[in-house]
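Trainee: I am attaching a structure below and will ask some questions about it afterwards.
The values are calculated or read from the model by the stated rules, or taken from the named source; none is laboratory data. Just so we're clear, the structure is a prediction, and the values are computed from it rather than from any experiment. When we count neighbours, we look across all protein chains shown, and the Cβ atoms used for this are built from the backbone with ideal geometry, even at glycine.
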Amino acid sequence: MTTDRIMVTGGAGYIGSHVVRQLGEAGHEVIVLDNLSTGFRDAVLHGQLIEGDSGDLPHVEMLLKEHRIDAVMHFAAHIVVPESVSDPLKYYRNNTGNTRNLLEACTRAGVRRVIFSSTAAVYGVPANKECAENSPLEPINPYGRSKLMSEWMLQDLAAASELRYGILRYFNVAGADPGGRIGQSTPLATHLIKVACEAATGRRDHIDVFGTDYATPDGTCIRDYIHVDDLARAHLLALERLRNGGDSFIANCGYGHGYSVREVLDMVQQVSGTTLDIRAAPRRAGDPPALIAKAERIRALLGWKPQHNNLEFIVATALAWERQRHAQ
Ligand code: UFG
């Protein structure tokens, strides 16, 4: 017999912790499984934190049975694209291998609902700036491939069993809990808004703009930035869909429009009231000029309605978190 308890792997990490917080606020029972390699104990605001690897099959199987888990949300993963290029096996082990073991544990324990954190990196460098869920899947780095392989495993397993999945492909996730309780604490962050907020709070002396000669209106890359709280809400809706007997699905998570690097940096300067030392730098390998979600499906399937579709709000919450961390 199962209850309606949820296991969240990687629930002490940036995105996972925002989902755990919302699950708690919505009254769900949550078990967080995190090895704390990049997560933080104090980011887990609800539920029970259990230290461990999502790929430790006997341990996970035991936990799923003991806690009578009915759904798994799988966030635990490495996410640094350049590192995936220099150390691919780390990514295939932690992202792909661990997902395989987690899915076997789910199968053995009779867990039939899995929500999986995927990424726009599965699209690679798209021919069109907008990516639909059925756009070609041509990841250009091991990170993207490690996630795409996990998507395929889920689809194959669902075809062979009663498991149903929700695959959410994240675009550029940014911002922090509007209540200021949690945010992105990743050391050595590479993400634009995080890096810019570190610069605005004096943690970096300058910020590089990787490429100023792209065929975009201001020559810098365009991305679809989505607030982490809106993304988190999509996971709760995905869970509801699967629990209500809805079919497996894949959905992009983005707002469907983008901002250039320069627009983002302007906003960070405006919101922070600082002048950043912004330096033009060479293009970064593997950066598509523009990456924007076609974002209709998630609205249609899940009834998702973004509440923070606003770059100023995204930057303001990211900056508030950065300031608070450094004040501690
Ligand atoms: N950028 C800069 N300077 C920086 C950091 C980033 O100019 O210091 C630029 C990048 O070159 C890029 C844009 O800002 O044009 C966004 O870069 P991020 O590193 O913030 O994000 P990415 O678009 O590279 O990566 C995101 C996700 C990845 C995912 C990828 C898919 O964070 O997990 O999209 O393309 F793999």
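Trainee: Would you check if there is a residue in segment 96-111 being at pLDDT 95 or above, within 30 Å of ALA215 (Cα to Cα) and not β-branched (Val, Ile, Thr)?
Mentor: Checked segment 96-111: no residue is at pLDDT 95 or above, within 30 Å of ALA215 (Cα to Cα) and not β-branched (Val, Ile, Thr).
Trainee: For the structure I just gave you, tell me whether SER86 is of a type in the set (S, T, N, Q) and modelled with pLDDT under 95. Walk me through how you get there before you give the answer.
Mentor: Numbers: of a type in the set (S, T, N, Q): yes; modelled with pLDDT under 95: yes.
For SER86, the condition - of a type in the set (S, T, N, Q) and modelled with pLDDT under 95 - is met.
Trainee: Also: With the structure loaded, tell me whether ILE182 is touching a strand residue (DSSP E or B) at 6+ places or on another chain (Cβ under 7 Å) and either over 23 Å from GLY258 (Cβ atoms) or not in a loop (DSSP other than H, G, I, E, B) (or both) or whether it fails that test.
Mentor: no
Trainee: Considering only residues that are surrounded by fewer than 16 Cβ atoms within 10 Å (Cβ to Cβ) and charged (D, E, K, R), which ones fall in segment 43-62?
Mentor: The answer is GLU51, and nothing else.
Trainee: For residues in segment 146-182 being among the charged types (D, E, K, R) and in contact (Cβ under 8 Å) with a residue 24 or more places away in the chain, which is farthest from the ligand (Cβ to nearest atom)?
Mentor: GLU162
Trainee: Please specify each residue of segment 207-230 satisfying the condition of being more than 21 Å from ALA295 (Cα to Cα), of a type in the set (A, V, I, L, M) and in contact with a strand residue (DSSP E or B) (Cβ under 8 Å, 6 or more places away or on another chain).
Mentor: Matches in segment 207-230: ILE207, VAL209.
Trainee: Right, here's the next one. Looking only at segment 102-137, which residues are assigned to a loop (DSSP other than H, G, I, E, B), touching a Leu at 6+ places or on another chain (Cβ under 9 Å) and within 15 Å of the ligand (Cβ to nearest atom)?
Mentor: GLY124, VAL125, PRO126, LYS129, LEU137
Trainee: Can you run down the residue pairs with Cβ atoms below 7 Å, 6 or more apart or on separate chains, where the first is in segment 183-210 and under 14 Å from ILE79 (Cα atoms) and the partner is part of a loop (DSSP other than H, G, I, E, B) and among the hydroxyl-bearing types (Ser, Thr, Tyr)?
Mentor: THR186/THR38
Trainee: Filter segment 74-86 down to the residues that are surrounded by fewer than 24 Cβ atoms within 10 Å (Cβ to Cβ) and part of a loop (DSSP other than H, G, I, E, B), then identify the one that is farthest from the ligand (Cβ to nearest atom).
Mentor: Among them, the one singled out is HIS78.
For every residue, the table says whether it meets (1) more than 24 Å from ALA318 (Cβ to Cβ); (2) touching a strand residue (DSSP E or B) at 6+ places or on another chain (Cβ under 8 Å); (3) of a type outside the set (Gly, Ala, Ser); (4) surrounded by 23 or more Cβ atoms within 10 Å (Cβ to Cβ).
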| site | (1), (2), (3), (4) |
| --- | --- |
| PRO88 | yes, no, yes, no |
| THR96 | yes, no, yes, no |
| ALA121 | no, no, no, yes |
| GLY124 | yes, no, no, no |
| GLU130 | yes, yes, yes, no |
| ASN134 | yes, no, yes, no |
| ASN141 | yes, no, yes, no |
| ALA160 | yes, no, no, no |
| TYR165 | yes, yes, yes, yes |
